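What follows is a set of notes on a single structure, which appears directly below.
The values are calculated or read from the model by the stated rules, or taken from the named source; none is laboratory data. What you are looking at is a predicted structure, and each value in this text was computed from that prediction instead of being measured. FYI the Cβ positions are ideal-geometry reconstructions off the backbone, even for glycines, and counts take in every protein chain you see. Each accessible area value is taken on the protein alone, full model and side chains, heavy atoms only, with ligands, DNA and RNA left out. Shrake-Rupley method; radii C 1.70, N 1.55, O 1.52, S 1.80 Å.
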Amino acid sequence: MSTRNVSTSALIVAAALTAACGSPTPPKAPEAAATPSASPAATSIPTNPLKEAYFGEQHLHTAYSLDAYLGGTRLTPSDAYRFAKGEEVEVNGSKVKLHAPLDWAAVTDHAEYLGEMYSTMVAGAPGHDNPQLQELRRMTSYEDREKWFVEYVQKANRGTTPQHAPFYAGPETAIGGWKVVLAAAAEHYKPGTFTTIPAFEWSAAPEGGNLHRNVFFRDTNVPERPMSYVDINREEALWSWMAGLEKQGMKVIAIPHNSNASKGTMFSAQDSKGDPLTLEYAEMRSRFEPLIEMMQIKGNSEVHRWFWAADEFADFENADSLGDYSGRNLKAFGKQNWVRWGLIKGLAHQKSLGVNPYHYGIVGGTDTHNGTPSNVDEDNFAIGSHGSADGTVERRRTSEIGGWLKGKDLNPGALTGVWAPQNTREAIWDAMKARETFATSGPRLKVRFFGRLGAMEKPADARRLVESGYAQGVPMGGTLKADASAAAGATPSFTVWAMKGPDDANLDRIQIVKGWVDAEGEPQDRVFDVAWSGDRKPGKDGKVPAVGNTVDVTKAVYTNAIGSAELMGTWTDPSFDPAQGAVYYVRVLQIPTPRWSTYDAVRAGVPLLPGVPATVQERAWSSPIWYTPTRGKSGAK
């Protein structure tokens with residue numbers, strides 16, 4: 001969710017509830033997935049040995065996801081990539097385009113419905129003439145589509161024994177749908193300019209607890225079809241399937257998302273059978289899951305204000321109403337739903353098992369069901385995120401996304417930034433595997449983070465910070481391992497840098513979040529201000545005062561009269577214990593800007609939503625750097 005000042009005339013008009021709900025003429029079945037053209041010679045692709053930040057989307061759905069289709073989405077995987085590249089598309093009757101194109105994207109349609117939607121969308125496909133699918137294609141009523149969602153999505157896929165819909169025509173339809181996804185990725189992949197990543201979503205939700213994973217492939221060496229929650233019931237079996245793919249020469253990773261809805265199971269102390277975690281479990285999870293989604297349209301999963309009262313910036317897109325559905329009582333599960341807690345709890349498992357199962361780098365996404373990747377700008381949210389469910393101002397203010405949360409608790413979602421030497425599928429995937437990634441709540445905000453054992457030189461400029469960071473230490477995603485110098489008392493030190501996007505708000509501050517476990521193995525954390533704008537001074541409590549606020553909520557505008565375009569600093573851990581493992585990550589805050597709901601209110605001429613912040617402080621999170629006090633592994637590579 002990014003924010004900028006724009007003229008009201010440039011804003012998109014929200015769609016009517018039933019607009020453009022009819023089905024277009026179905027396309028004919030493709031013969032086979034398109035084969036990507038030969039890549040340009042490596043010398044013709046721009047390359048930076050110090051790496052560039054490439055922004056992209058790792059979580060989105062098109063009409064090939066049943067729940068998206070039910071919301072009125074008719075954009076295909078190919079349409080989604082066109083939108084990502086900056087083209088204008090139509091969503092439920094409204095024209096929309098990104099303010100700036102993406103560098104890369106991955107379509108992640110639900111594997112659970114890929115076959116069903118192939119039958120629905122493609123004339124001549126097996127099952128296309130099924131009476132229920134004919135009914136689906138004719139359906140225009142929101143109420144009818146909501147009944148379908150409850151019957152064929154919520155009931156069928158949020159239990160322990162998921163099953164295909166009765167109109168599923170067999171595995172060959174899933175193969176056909178997968179070919180459509182792969183053909184779109186091949187068509188739009190332009191190395192050096194725009195990267196597509198073959199991917200799908202495995203949507204496990206046992207007892208309504210969200211354990212979804214997106215699965216990504218490094219190249220076009222992929223399986224014949226993706227595996228769904230129906231095929232593979234729990235995450236351990238998913239990793240075993242991925243290990244089998246590796247033996248066939250495929251390169252694959254998975255990214256879990258929105259832990260805030262996991263009902264305490266994303267970072268559980270038990271495996272899916274209820275047994276204590278083992279070394280094998282930790283190795284498999286760390287090996288195949290290098291990243292976790294920090295934020296998406298269903299909320300920010302870093303922390304929640306109810307459980308982190310000492311963190312003054314924890315009240316950010318908490319999505320409280322997630323707890324009102326599917327038994328997800330947030331207060332009942334406490335801190336265990338949140339990424340910060342999981343990152344720190346992993347240190348306890350590292351100590352007891354020798355491997356950290358929660359050795360996660362950080363990414364962001366939208367989970368949009370409109371087929372519009374990374375439509376994250378606050379002022380561009382007039383189409384919502386789930387078709388007709390939130391496609392109007394009124395529905396966003398008063399209604400809900402079925403089975404998930406209330407419209408007012410939505411946000412436009414997050415972005416992933418990867419530090420890679422070039423914009424190619426291999427380089428982007430390798431950066432993700434190496435955890436050299438960061439997430440933003442929408443802005444094109446760049447952040448660097450380096451650490452080493454011992455003093456880091458104070459950089460003269462950003463380039464020198466990067467050069468010395470790679471030469472002397474490790475980047476985000478890396479691990480500082482104890483050696484003789486650490487045993488002698490060398491303390492971790494870090495350099496940080498952040499720069500706002502060209503059209504974004506100024507920066508307030510850079511913080512480092514440190515986590516460790518106490519003698520009882522319980523997670524502890526502390527937030528440190530490292531660099532900040534202006535001449536503010538920390539108070540007696542060590543906290544830097546608020547940056548101020550230039551937002552005029554009556555007009556949904558702000559100015560960059562406060563804050564800084566760029567911040568840089570160094571920091572040494574003041575409470576370092578060489579015998580104690582630790583995890584550190586960066587959080588960057590922007591100055592306050594209007595929230596999407598404020599733009600809605602100003603456009604529609606209605607009051608601001610009560611009980612909802614009128615402004616937000618957009619932010620970025622780096623992947624962590626870990627300190628390991630023993631020679632044990634921090635996680636499988």
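Amide H neighbours of G361 under 5 Å, counting only residues 5+ apart in sequence or on other chains, H built in-plane at 1.01 Å?
L291, I292
List the relative contact order of the chain as a percent without decimals, with contacts defined as Cα pairs under 8 Å and 6+ residues apart.
Averaging sequence separation for qualifying contacts and normalising by length gives 16 percent for the chain.
Determine ³J(HN,Hα), in whole Hz, for all residues of region 365-372 in sequence, where each value follows from phi through the Karplus function 6.51 cos²θ - 1.76 cosθ + 1.60 and θ = phi - 60°; x replaces Gly and Pro.
3J(HN,Hα) across region 365-372, in whole Hz: x, 9, 6, 4, 10, 9, x, 10.
Can you work out ³J(HN,Hα) from phi for every residue in region 376-392, in order, using Karplus 6.51 cos²θ - 1.76 cosθ + 1.60 and θ = phi - 60°, giving whole Hz and x for Gly and Pro?
9, 6, 4, 7, 10, 9, 5, 8, x, 9, 10, x, 5, 5, 9, x, 10
In whole angstrom, how far apart do the alpha carbon centroids of region 401-469 and region 342-390 sit?
13
Which ³J(HN,Hα) values, rounded to whole Hz and listed in residue order, are derived for region 226-237 from phi using the Karplus coefficients 6.51, -1.76 and 1.60 in 6.51 cos²θ - 1.76 cosθ + 1.60 with θ = phi - 60°, glycine and proline given as x?
Whole-Hz 3J(HN,Hα) from phi for region 226-237: x, 9, 9, 4, 5, 6, 10, 7, 9, 5, 4, 5.
Find how much the distance from T140 to A561 grows on full extension, using 0.36 nm per residue of separation minus their present alpha carbon separation; answer in nm with one decimal. Display every interim value, and only then the final one.
Numbers: separation 421, 0.36 × 421 = 151.56 nm, distance 4.81 nm.
Length gained, T140 through A561: 146.8 nm.
Taking +1 at the Cβ of each Lys and Arg and -1 at the Cβ of each Asp and Glu, which of G469, G323, A389 sits farthest along the dipole of the chain towards its positive end, judged by Cα position relative to the Cα centre?
Value computed over the given set: G469.
Ignoring ligands, DNA and RNA, what accessible area per residue does the chain give at 1.4 Å, in Å²? All intermediate terms of the calculation are to be shown ahead of the outcome.
Numbers: 22140 Å² over 637 residues.
Ligands and nucleic acids excluded, the result is 35 Å² per residue.
Measure off 7 Å from each Cα along the Cα-to-Cβ vector at S272 and V612, then give the distance between these two points in nanometres to one decimal.
Distance between label points: 3.7 nm.
With only Lys, Arg, Asp and Glu charged, each at its Cβ (+1 for the first two, -1 for the last two), find how big the charge dipole of the chain is about the Cα centre; round to the nearest 20 debye.
Rounded to the nearest 20 debye, it is 900 debye.
Search the structure for amide H atoms under 5 Å from the amide H of R74, placed 1.01 Å from N in the peptide plane, and list their residues when 5 or more places away or on another chain.
Amide H neighbours of R74: N92.
Divide by every residue of the chain the summed helix terms, -39500 (n - 2.57) for each DSSP H run of at least 4, and state the resulting mean residue ellipticity at 222 nm, rounded to the nearest 500 deg cm²/dmol. Intermediate results must be reported in sequence, preceding the final value.
On the way: 15 runs with 136 residues, N = 637.
It comes out at -6000 deg cm²/dmol, rounded to the nearest 500.
If you take the beta carbon distance between N48 and S575 as r and set R0 to 35 Å, what does 1/(1 + (r/R0)^6) give as a FRET efficiency, to the nearest 0.05?
My answer for the efficiency is 0.45.
Under a plain spin-label model, where a point goes 7 Å from the Cα along Cα-to-Cβ, how far apart in nm are D503 and E172?
Roughly 4.7 nm, to one decimal.
Compactness ratio of the chain: Cα Rg over 2.2 N^0.38 Å, N = residue count? It would help to have the intermediate numbers written out before the result.
Details: Rg = 23.4 Å, N = 637, 2.2 N^0.38 = 25.6 Å.
Ratio of Cα Rg to 2.2 N^0.38 Å: 0.91.
Between E280 and Q524, what is the label-point separation in nm under the 7 Å Cα-to-beta-carbon projection?
If labels sit at Q524 and E280, their model points lie 3.6 nm apart.
Using a 1.4 angstrom probe on heavy atoms only, work out the carbon and sulfur share of the accessible area of the chain in %.
51
Assuming R0 = 22 Å, can you tell me the calculated FRET efficiency for the pair Y470 and T220, based on Cβ-Cβ distance, to the nearest 0.05?
Values: r = 31 Å, r/R0 = 1.40.
After rounding, the FRET efficiency stands at 0.10.
For an R0 of 35 angstrom, estimate the FRET efficiency from the Cβ-Cβ distance between D541 and A455 and round to the nearest 0.05.
So, using R0 = 35 Å, E works out to roughly 0.85.
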